[in-house]
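Q: Encoded as structure tokens, here's the structure I'll be asking about.
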Amino acid sequence: MALTNRAPHTEETGEPAAEAPRKASFGEHARAYVALSKPRVIELLLITTIPVMFVAAGGVPPLWTAVATLVFGTMSAASANAMNCYIDRDIDREMRRTRQRPGAMDLVTPRGALFYGLTLAIGSTVGFLVFVNTLSAVLSVFAIAFYIFVYTMLLKRRTAQNVVWGGIAGCMPVLIGWAAVTNSLDWAPFVLFLVVFFWTPPHTWTLAMRYREDYAAAKVPMLPVVASDRRVLLESVLYSWATVIVSLIFWPVAGTTWFYGVVALVLGALLVIQAHRLLSRSMAGVTGAQLKTMNFFHLTNAYLALLFVAVTIDPLIARFLL
């Protein structure tokens, strides 16, 4: 990509000279590719990967396994995100929220984005196979394929249920983290899988309500685009309740201590109370920015982060009590 700098005024006319193209620096290219990876999305995925490794290990997981899982898990998520940007570069240009993405701004060529994503996918898969185990590699490949082929290419532009079923890809780090430590699967990680699954729709829909016009312009049928505020918030309430109920099921299934149970109860109460308040404001006729859906969106971020912090700490408390 060619970047531009203003050239000095010409001596003959005193007019500004034409903007002279300059080659983008290595640092600018590097920052563009990092942005293509959607690092903030990766952070959210790592929040769910690390804690489950503590539960699987019954304490602190083996350092090498944890580091390798985080490195190759990051590469796996980055590959899916990069290929998502490659496929969605047309609609990214239509949305204010995504216009600054490298693919939309042509900071990275489509070929470069695709090659970057495929390289990361191959690298992460080989890394899991060689340094972790086969099961974690298989789960990683499934997550990448599901995000690209099922969510991005099949669901996103066709159905308002896109983030419901497409969210399965975002739940996979829980299973990957457990498999990395135990080389097996169990009920406990599947319960946490369901926590993330039910958490995803209200988290995403309240953000989409803020950017409803963007999705409409890009012809992406997110639920807030095709349904009323009341229906969106009613479904958000139901999914919030499901999230909390499943989070409490983890208590007996994983054999956690009272610490996790108390944290899950308190956080769950806050989540459902705020979801009901949001629905009540909508039913009272409050619309648009006055609904303050972004407050709930930020609450969902805090809910998931703190719940998984409790998941991390609980095995350490259990060891101390023993």
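Yes/no matrix, rows are residues, columns are (1) open to solvent by 40 Å² or more (accessible area, probe 1.4 Å); (2) at pLDDT 95 or above; (3) over 28 Å from Leu46 (Cβ atoms); (4) not in a helix (DSSP H, G or I):
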{"position": "Glu213", "(1), (2), (3), (4)": "yes, no, yes, no"}
{"position": "Ser240", "(1), (2), (3), (4)": "no, yes, no, no"}
{"position": "Ile245", "(1), (2), (3), (4)": "yes, yes, no, no"}
{"position": "Val266", "(1), (2), (3), (4)": "yes, yes, no, no"}
{"position": "His276", "(1), (2), (3), (4)": "yes, yes, yes, no"}
{"position": "Gln290", "(1), (2), (3), (4)": "yes, no, yes, no"}
{"position": "Leu304", "(1), (2), (3), (4)": "no, yes, no, no"}
{"position": "Val309", "(1), (2), (3), (4)": "yes, yes, no, no"}
{"position": "Ala318", "(1), (2), (3), (4)": "no, no, no, no"}
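Q: For residues that are in contact with a Gly (Cβ under 8 Å, 6 or more places away or on another chain) and hydrophobic (A, V, I, L, M, F, W, C), scanning just segment 195-209, find the one that is nearest to Glu235 (Cα to Cα). I'd like the intermediate steps shown before the answer.
A: So in segment 195-209, the residues in contact with a Gly (Cβ under 8 Å, 6 or more places away or on another chain) come out as 196-197, 200-201, 204.
Among the residues that remain, those that are also hydrophobic (A, V, I, L, M, F, W, C) are: 196-197.
Values: Val196: 16, Phe197: 14 Å.
Here the residue is Phe197.
Q: Next question. Residues Met222, Met209: which one is buried (at least 21 other Cβ atoms within 10 Å of the Cβ) and closer than 25 Å to Leu270 by Cα?
A: After ruling out the rest, the residue left standing is Met209.
The values are calculated or read from the model by the stated rules, or taken from the named source; none is laboratory data. Source: prediction; values computed, not measured. Heads up, the Cβs are rebuilt from the backbone with ideal geometry, glycines too, and the neighbour counts pull from every protein chain shown. Heads up: the accessible areas ignore ligands, DNA and RNA and are worked out on the full protein's heavy atoms, side chains in. Shrake-Rupley method; radii C 1.70, N 1.55, O 1.52, S 1.80 Å.
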